[in-house]
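What follows is one structure encoded as C-alpha cells, with my remarks underneath.
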Amino acid sequence: MEYQSVSGDAARLDRAATVTLARRARRLLVKSGDRIVRLEAALSDDEIAGALLHPDGFVNVPILIVGDLLVRGFTDDLYREAFPEGGSAPLPEPAPRIAPAKPAPGRRQPESDSS
C-alpha cells in the first residue's frame, strides 16, 4: 500500500500546502468534533481549507493519503471506515537515526541553537 507520511514537526502545512496536498485526493474523510465528515465532490480551495485547517490556519492533526483517499485526524472508527478491509499492509522500516558528526580534531563543534 503506497502512502505518504509527513511529520508535522518537520513541515507545518499551511493553507497553500494543504490545498495542494488535498488536490491529489478524490475522497476526504475528516474527523470533525465527534463526527466524520465525508466529502467526495470536486471542492473549491475554500472548501478544502474549511474542512482541513484549524482556526490558526494550519493542519494540526495527522493526515494520511492513500491512493485517492485523504483521511484527516485519527480515531479507530475513522480508520475502520477508511480501511474496511483491514488495511493490513506492512509499514516501511523507520529511517535510521544518524548521530551528529564529531568535529575534526582541533575544531570546535558549533553550539546548538536552543531558541
Amide H neighbours of VAL66 at under 5 Å, excluding residues fewer than 5 places away on the same chain, with H built from the backbone geometry, are VAL71
Here the range 41-48 yields Karplus 3J(HN,Hα) values (6.51, -1.76, 1.60; θ = phi - 60°; whole Hz; Gly and Pro given as x) of 8, 5, 10, 6, 4, 5, 5, 4
Computed on Cα atoms only, the convex hull of the range 3-82 has an orientation-averaged projected area in nm² of 5.0
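Taken together, the values in this text are just the output of simple stated rules run on the coordinates, not laboratory data. Bear in mind that the values here come from a model prediction, so they are computed numbers and not experimental data.
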